[in-house]
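Shown next, in structure tokens, is the structure this report addresses.
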Amino acid sequence: QVQLVESGGGLVQAGGSLRLSCAASGLTLSGYTMGWFRQAPGKERDVVATITWSGSSTYFGDVKGRFTISRDNAKNTVYLQMNNLKPEDTAVYYCAASVREIARTPESYNYWGQGTQVTVSS
């Protein structure tokens, strides 16, 4: 059974940092493109960052320069380092795994975690 489990969310003040982790079981992450998405109340689920199985990363929206996605294949874990957080970053953050190399929409992903809440206070 495939499981993706996110952790590391919480409450932080604007300008602070958090590191999210996504630990996988039941699949080997090195064979998948991994993505981080976020969903704020009443809004659609949007892609934040992706990293291919070859290690190529892509960032979306205003997270460029603030967020860093990385993967540790030995630990079967993907990370999202978030710096200089803003109140508008507040959302539930999800990690997901895709068998496609280029995967930028929720529909492109095969497996999802349950999400972790990130709240940034002003």
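The values are calculated or read from the model by the stated rules, or taken from the named source; none is laboratory data. Just so you know, these numbers come straight off a predicted model, no measurement behind them. With ideal geometry, Cβ positions are generated from the backbone for all residues, glycine too; neighbour counts draw on all protein chains shown. Keep in mind that these areas ignore ligands, DNA and RNA; they rest on the heavy atoms of the full protein, side chains included. Shrake-Rupley method; radii C 1.70, N 1.55, O 1.52, S 1.80 Å.
Couple of notes before you dig in:
- Rounded to the nearest 10 Å², the accessible area of Val118 at probe 1.4 Å: 0 Å²
- The chain - percent of accessible surface contributed by carbon and sulfur, probe 1.4 Å: 45 percent
- When you filter the chymotrypsin sites (Phe, Trp or Tyr not before Pro) in region 66-108 for DSSP loop state and at most 11 other Cβ atoms inside 10 Å of their Cβ, nothing is left.
- Candidate aspartates and glutamates - alpha carbon under 18 Å from Lys64, same-chain residues fewer than 8 apart omitted: Asp46, Glu88, Asp89
- Taking trypsin sites (Lys or Arg not before Pro) across region 1-81, the ones in a DSSP loop with at most 11 further Cβ atoms lying within 10 angstrom of their Cβ are Lys43, Lys64.
- For region 1-99: accessible area per residue (Å², 1.4 Å): 46 Å²
- Calculated over region 48-110: convex hull of Cα atoms, volume per residue (Å³): 97 Å³
- Under the combined filter of DSSP loop state and at most 16 neighbouring Cβ atoms within 10 Å, region 1-110 retains these GluC sites (Glu not before Pro): Glu44, Glu101.
- For q = 0.20 Å⁻¹, Debye-computed log10 I/I(0) when each Cα of region 79-122 counts as one equal scatterer: -0.75
- Normalised by 2.2 N^0.38 Å, where N is the number of residues, the alpha-carbon radius of gyration of region 1-69 equals 1.21.
- Site pair Asn110 and Ser57 shows an inter-label distance of 2.4 nm when each label is modelled 7 Å from Cα along Cα→Cβ.
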